[in-house]
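Below you'll find the structure, written out as structure tokens, and then a few comments.
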Amino acid sequence: MQKPQPFYWSSAGRSHVGMVRAINEDACLVMPELGLWAVADGMGGHEAGDVASRMIVESLQQIPPPANWQALLDSARERLTEVNQRLREESAQRYQHRTIGSTVVVLLAHQDRCACLWVGDSRIYRLRSGRLEQLTRDHSHVQELVDQGLITPEDAHRHPLANVITRAVGSAEELRIDEKIYPLRTGDIFLLCSDGLNKTVSDEEITRLLLHSDHNCQEAVKAFIHLALMRDASDNVTTVVVNISEGAGDPVDDREESGQKTVDNPIPPDWYLQ
């Protein structure tokens, strides 16, 4: 029996409050040693969105080293389901049943494959052989309008209901998690982001920045945050970049520049302003 292709990964993540809001309701998680990355975006306009996103990240962070691929998948699903219930209880006890919720995207990697799990409109993209693909499908009102042919994808960001999502962790008794599994390939680059990024940076710009980063995850993350801020980002902006490589080695990330740290003034390298 052929053994799975050995891969390892480097990664980085950053979150910024943006240019308008006073509170950062986003959170991110970078755990390459576990093959786990996540971005959560607390529901703006609702009670305690920052609490909801933080609860998701903290719960995922407690996943123990898995015995196998199935154990990793099961643990992630169970953690999200548990947080959903805890948020429902918190809403009833402290917030008069007002919604406390958050989107979430989770990327899991193990041996030669990965899984995308998501609820809401945060996204996972993959750059493979120079081609960018959105691996998640937004759970949002405008996505439903696009699917029905009522508006174009280009018009979706400008629609008056662009911020209305149809699923979130904490918004319903039963949590519905979408999931897709993909094989890994050497050179794959994944981007996890809250909608504060993809509503200010186009797919073409995402492709260009990932290509120009030369697989340097930390510089790519800086580039995305900086470009969103140049566009006067009205929302919180969070990005996680994961680079897949072939060969022996340990998962790598920069603990000083990753995780949930908020970067107020990222200094742009010249390459992503060209």
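Brief remarks follow.
- Across segment 8-15, computed HN-Hα scalar couplings (Karplus, 6.51 cos²θ - 1.76 cosθ + 1.60, θ = phi - 60°) run 9, 9, 10, 7, 7, x, 9, 9 Hz from first to last residue, x flagging Gly and Pro.
- Under a Gaussian network description of the chain, with springs only between Cα atoms under 10 Å, the residue in Lys199, Lys222, Lys180 that fluctuates furthest is Lys180.
- The chain: calculated mean residue ellipticity at 222 nm from DSSP helix runs of at least 4, using -39500 (n - 2.57): -8500 deg cm²/dmol
- Residue order, fewest to most surrounding Cβ atoms within 10 angstrom, among Asp214, Asp195: Asp214, Asp195
- Kyte-Doolittle at least 0.0, axis length at least 15 Å by Cα - qualifying DSSP helices, the chain: 49-61, 217-230
- Ordering Gln111, Asn24, Gln93 by the projection of their Cα atoms onto the charge dipole of the chain, which places +1 on the Cβ of Lys and Arg and -1 on the Cβ of Asp and Glu, puts Gln111 at the extreme positive end.
- Most fluctuating residue given options Leu211, Leu197, Leu145, as computed from a GNM of the chain linking Cα atoms under 10 Å: Leu145
- Paramagnetic label zone (point 7 Å from Cα along Cα-to-C-beta, Leu161; backbone N under 16 Å) in segment 133-149: 138-149
- Within the chain, longest stretch clear of exposed GluC sites (Glu not before Pro) (DSSP loop, no more than 13 other Cβ within 10 Å): 34-172
- Evaluated over the Cα positions of segment 1-144, the convex hull gives a direction-averaged projected area, one quarter of its surface, of 11.1 nm².
- Amide H to amide H distances under 5 Å link Ile151 with Val146, where only residues 5 or more positions off or on other chains count and H is placed in the peptide plane.
- Under 10 Å, Cβ to Cβ, from Ile189 - net charge with Lys/Arg +1 and Asp/Glu -1: +1
- Cut-off 15 Å between beta-carbons: net charge of the residues surrounding Ile63, Lys and Arg +1, Asp and Glu -1: -3
- Rh by Kirkwood over Cα pairs, then Stokes-Einstein D for the chain at 1.306 mPa s and 10 °C, µm²/s: 85 µm²/s
Just so you know, all these numbers are worked out from the coordinates, no wet-lab data involved. Please read these numbers as outputs of a predicted model, since none were measured by experiment. Note that each Cβ is placed from the backbone with ideal geometry, even for glycine, and that neighbours are counted across all protein chains shown.
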